1. Whether any residue in segment A:105-117 is closer than 30 Å to A:Thr78 by Cα, open to solvent by less than 80 Å² (accessible area, probe 1.4 Å) and small (Gly, Ala, Ser) is what I want to check.
2. Exactly one condition in (1) open to solvent by less than 20 Å² (accessible area, probe 1.4 Å); (2) within 7 Å of another protein chain (Cβ to nearest Cβ); (3) of a type outside the set (Ser, Thr, Tyr) is not met by A:Val53; state its number.
3. If you scan segment B:3-14, which residues turn out to be facing chain A (nearest Cβ under 9 Å), open to solvent by 40 Å² or more (accessible area, probe 1.4 Å) and either under 14 Å from the mean Cα position of the chain (by Cα) or modelled with pLDDT under 90 (or both)?
4. So which residues in segment B:57-105 are surrounded by 12 or more Cβ atoms within 10 Å (Cβ to Cβ) and outside any helix (DSSP H, G or I)?
5. Pairs, please: C-beta under 8 Å, at least 6 apart or cross-chain, first residue aromatic (Phe, Trp, Tyr) and open to solvent by 50 Å² or more (accessible area, probe 1.4 Å) and in segment A:30-44, second part of a helix (DSSP H, G or I) and at pLDDT 85 or above?
6. Which residue out of B:Val17, B:Val47 is under 25 Å from A:Asn150 (Cα atoms), of a type in the set (A, V, I, L, M) and more than 9 Å from every other protein chain (Cβ to nearest Cβ)?
7. Given the criterion of a type in the set (S, T, N, Q), in a helix (DSSP H, G or I), at pLDDT below 95 and more than 19 Å from the chain's Cα centre (by Cα), identify the matching residue among A:Ser61, A:Ser132.
8. For the subset of segment B:59-98 comprising residues that are of a type in the set (Ser, Thr, Tyr) and under 12 Å from the mean Cα position of the chain (by Cα), which member is nearest to B:Glu34 (Cα to Cα)?
Amino acid sequence: MKSFNEDRIYSNSNKRENREGLKAWLNPSRYGWERISYWLQRLTGVFLLIYFVGHVIETSSLVDGKDAWNAMLELTQTTWGHLFLILVIGTSTFHSANGIRLLFTETGRAVGKPGRPDYPYSPVSLNYRQKSGIWIALILAATAMLYGANILFAGE
Amino acid sequence: MKIHYISGIAALFVVAVHIIMRLVMPFSMSLEYENVIANYQNIAYAVLLESILVLIAIHGFNGLRIILLEFRQNIAWENGVTVFTLVAMVALIAYGTRTIIIANGLG
């Protein structure tokens, strides 16, 4: 039987081994749909924060007058600018819809009731409601992107 | 997490109004300088823009803080991440507020 000190030494020497850091965070292949949704929620969140900072800086050209505003618009009102905006529309829709699902999950809704773990040990919390929520978020994002593309490219 | 969910849900509503304002006329027309300045000079819309700025800055930088805290847990890192995200949030809110105030006063 190991002593308390041996346990401490063991845990200290191994404390960094299970830390995969960014590699683990970016690996969507493990743990199924909930993991992919976790991954997408964080990636879309970081992307949208970068976009938001850029948007605040971009719109500040307004205070430098009409010429500065039009020069900034010329940069964004291009095919690539529109494609980027469509990506923003898709990521923000997914982030919002999946965020609402997470809000329900956090408050204990749609996660099922605790039960005896029976073979094949499927987690009760990842039930059809949760999976449907992830799919609804993806479908809404795709629909919003199509709608956005229709508006943005109709003006060209 | 409460602040994250509350700011997220509130931001959803104000951003929806912001997007609808871009769709009340053809999208490219809504971005013309005169129309955008008219938006900023409307006090209700300026308040809406300020609330979007504050809510999304809180939600975004708190989200970044949560992600960074998942990477590593020690007091120096946690305090550093919290201070960094707070300073970045305040700086962005100050910069965006400056745009709203100046554009609101333009003729």
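1. Taking every residue of segment A:105-117 in turn, none turns out to be closer than 30 Å to A:Thr78 by Cα, open to solvent by less than 80 Å² (accessible area, probe 1.4 Å) and small (Gly, Ala, Ser).
2. Failing condition for A:Val53: (1).
3. Answer for segment B:3-14, where residues must be facing chain A (nearest Cβ under 9 Å), open to solvent by 40 Å² or more (accessible area, probe 1.4 Å) and either under 14 Å from the mean Cα position of the chain (by Cα) or modelled with pLDDT under 90 (or both): B:Ile9, B:Leu12.
4. Residue satisfying the conditions is B:Arg72 alone.
5. A:Trp33/A:Ile134
6. So the residue among B:Val17, B:Val47 that is under 25 Å from A:Asn150 (Cα atoms), of a type in the set (A, V, I, L, M) and more than 9 Å from every other protein chain (Cβ to nearest Cβ) is B:Val17.
7. A:Ser61
8. Step by step, filter segment B:59-98, then rank; the result is B:Thr97.
The values are calculated or read from the model by the stated rules, or taken from the named source; none is laboratory data. Keep in mind the model is a prediction, meaning the values are calculated, not measured. We place every Cβ from the backbone using ideal geometry, glycine too, and count neighbours over all the protein chains shown. For accessibility, only protein heavy atoms count, side chains too; no ligands or nucleic acids. Shrake-Rupley method; radii C 1.70, N 1.55, O 1.52, S 1.80 Å.
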